[in-house]
Structures are given as C-alpha cells and as structure tokens.
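Throughout, read-outs are computed from the coordinates displayed, never taken from laboratory work. Everything numeric in this text was worked out from a predicted model, so none of it was measured. Cβ placement follows ideal geometry from the backbone for every residue including glycine, while neighbour counts extend to all protein chains displayed.
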Amino acid sequence: MFIHRTDSIYDDSPAEQYQFPSQYLGRVQACVGDWIIYYEPRKVAATRGYFALAKVSRAIPDPKAHGMHLALIETGSYLDFVNPVPFSGPDGVIERGVLNEEGRISGRAQAAVRPISAADFNRVLSIGLAEDQPELPRSGEAPETWEPDGFSDGPQAPFILEQERARVAQLSSRIVRDRLFRRLILQAYDKRCAITGLKLVNGGGRAEVDAAHIRPVEAKGPDILSNGIALSGTAHWMFDRGLIGLSDDLDILVSRHANDRDSIQGLINKTGKAISPVGIHQRPHPQFLQWHRENVFKH
C-alpha cells in the first residue's frame with residue numbers, strides 16, 4: 001500500500017514513479033515485481049480513498065534528492081479504479097490489517113508504505129473494479145465482462161491467493177484494460193464529448209463517445225484518468241491525426257494544415273475550451289497534452 005495525495009510535496013507521478021524516504025526502502029524492495037495499491041488519506045478533502053493499482057519494477061536512489069528513493073512503476077501497469085474505495089464501509093474498515101488486537105485503528109494506518117494482506121488486497125480490488133452496470137460498448141464493439149469471483153472476506157486459503165494472482169494477471173489484458181478505461185473516462189466526462197460538448201446516448205443506453213488516450217498506449221501512454229479524454233468519433237479521428245489539439249489551459253487548437261478549418265471550428269463548443277471533469281486529478285495533465293502537441297498536433 002502506497003499513500004499518495006494529489007497535493008503531495010513528494011516527486012510522485014503515480015503511473016511512473018513514487019518517491020519515498022530511506023526508512024521505507026526495505027518495504028518497497030519487497031514490492032519489486034509485484035502489485036501495489038495507491039491510497040489517498042482520509043484527511044484530504046474529497047479523498048479518493050484506495051484509488052489505483054500499479055506494479056513496481058525497480059527501487060532506486062533518487063538521483064535528484066539525497067536520502068530519497070524512487071519506486072519505478074512498470075510501464076503500462078497503472079490502472080485507476082472505476083470505483084474509488086473508501087477507508088471504511090458498512091462493515092468497518094476495508095483494510096483489516098490496520099486494526100490492532102482490540103479492533104482499533106493502529107499506527108500502521110499512518111505509514112506511507114505498508115504491507116497489505118492478500119485478503120485485504122482482494123477486498124479492495126473487488127470494490128474498486130466492480131462493474132455492476134458496465135458501460136455498453138460503442139456500436140460494433142464486442143462486450144467483455146469482468147469476473148470478480150475469487151474474492152473473499154473469509155479466511156485466506158492458498159487457492160484464494162492463486163485466484164487473486166490470476167485476477168491481477170487478467171489486468172494485463174488490453175481488452176480488459178480498455179473496457180475499464182472507457183468506463184472511467186465516460187464517468188468523469190458524463191458521457192459528453194470534450195470538444196463538441198455533445199452527449200449522445202442511444203435508446204439502449206450506449207454512449208456514442210470514445211475514451212481516447214491523449215498519449216497513446218502504443219507510445220507508452222498510461223491508463224491513467226489524466227491521460228484520457230472523452231471524444232466523439234469525428235473529434236477522436238481529428239485528435240489522433242493532429243488536426244486538433246489542446247493547450248495546457250484546454251484551449252482547443254485547430255491545425256493550420258486542416259483543409260476545412262471553418263467546418264472544424266463549427267464543431268467546437270462555443271467556449272472554445274475542452275470540457276473537463278471537476279476533480280483536479282481527473283483533468284488532462286499538461287505532460288500528456290504537451291506530448292500530443294509535440295508529437296501529433298500539426299502546427
């Protein structure tokens with residue numbers, strides 16, 4: 001379990017690296033090659049609770065800060081939960097390992113890096129990745145289902161641990177990750193295209209909008225909410241081909257190479273800015289927008 005907050009003073013980029021002091025080095029080294037869960041403390045306003053999953057590839061000294069270290073996140077492993085998981089639920093705390101023998105919250109809950117049992121890991125994932133009402137795919141896309149069986153609140157038997165490992169391994173599937181990413185983006189943007197402002201949902205409840213990566217997966221773009229944006233099919237096509245782009249302030253840019261700039265301008269919502277989610281962590285991150293402008297957008 002890695003504690004991270006949006007306003008962190010540490011040099012964190014959850015999909016890429018996690019900075020920590022040397023006192024946690026042993027714990028982080030024990031995570032190398034394995035999965036961790038990110039948690040945002042309860043004292044943070046509008047906390048996301050347990051909010052993401054990632055895999056640690058290495059732990060190295062921070063070359064920029066004496067006495068600090070970096071946990072490097074395996075490329076493509078990070079995944080935001082579709083449902084933020086609160087610290088406590090109807091049956092008490094979700095992470096039972098933070099309780100002492102008297103059933104009270106212990107000092108372990110304050111540790112920035114702490115071990116988590118397989119049972120607690122399962123419990124968090126079963127809530128964070130639950131899809132009670134999965135987003136329907138766009139026309140022509142085949143639906144896939146997430147199968148949460150294998151999660152248990154009971155005693156941790158070896159076969160349950162093996163099922164948990166298999167479930168996490170399933171998260172490496174591009175099909176599964178794309179579906180979860182789509183649900184995440186559509187929730188954040190309320191199924192509305194960020195460029196046109198249109199919210200088109202057919203009679204069957206299918207949203208005709210894409211969950212687009214700003215920095216594509218093929219270019220090592222992570223499945224993090226801040227690297228995603230909801231776009232209609234036409235807007236997505238233009239975005240991927242560099243005919244439109246976004247400034248760091250989300251001003252919509254139209255390429256001078258576009259052969260029908262007036263028509264493109266007519267598609268853009270009247271504000272001239274891309275619609276963005278309310279939460280700071282949900283909005284397109286400048287580092288991804290800059291990558292798109294430098295590598296895709298036709299100036």
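With r as the distance between the Cβ atoms of Asp11 and Lys43 and R0 = 30 Å, compute the FRET efficiency 1/(1 + (r/R0)^6) and round to 0.05.
0.90
May I ask you to compute the full-extension gain from Leu72 to Ile105, defined as 0.36 nm times their residue separation minus their alpha-carbon distance, rounded to one decimal in nm?
Net length gain for the segment: 8.9 nm.
Restricting attention to the chain, the count of lysine pairs at 8 or more positions apart or across chains with alpha carbons under 18 Å apart stands at 5. Once you list every other residue whose beta carbon is under 11 Å from the beta carbon of Tyr18, what net charge do they have if Lys and Arg are +1 and Asp and Glu are -1? Result for the neighbourhood of Tyr18: -4. Angle of helix 118-128 to the longest C-alpha principal axis of the chain, folded into 0 to 90 degrees and rounded to 10: 30°. Near Val98, once Lys and Arg are set to +1 and Asp and Glu to -1 for all other residues with Cβ below 14 Å from its Cβ, the sum equals +2. Judged by the ratio a/c of the largest to the smallest principal axis of the C-alpha gyration tensor, region 224-297 counts as prolate, that ratio being 1.5 or greater while a/b is larger than b/c. In whole Hz and in residue order, list the ³J(HN,Hα) couplings for region 77-91 that follow from phi through the Karplus curve 6.51 cos²θ - 1.76 cosθ + 1.60, θ = phi - 60°; x for Gly and Pro. Rounded to whole hertz, the list is 8, 4, 8, 5, 6, 6, 10, x, 9, x, 4, 10, x, x, 9. Qualifying trypsin sites (Lys or Arg not before Pro) in region 181-235, where qualification requires a DSSP coil assignment and no more than 12 other C-beta atoms within 10 Å, comprise Lys220.
Tell me what the chain gives for mean residue ellipticity at 222 nm when only DSSP H runs of n ≥ 4 count, each as -39,500 (n - 2.57), the sum divided by the residue total, rounded to 500 deg cm²/dmol.
The helix-only estimate for the chain comes to -6500 deg cm²/dmol at 222 nm.
Region 173-248 and region 19-57 have Cα centres separated by 27 Å.
Counted without the sites themselves, the longest stretch of the chain free of GluC sites (Glu not before Pro) in a DSSP loop having at most 10 other beta carbon atoms within 10 Å is 103-299.
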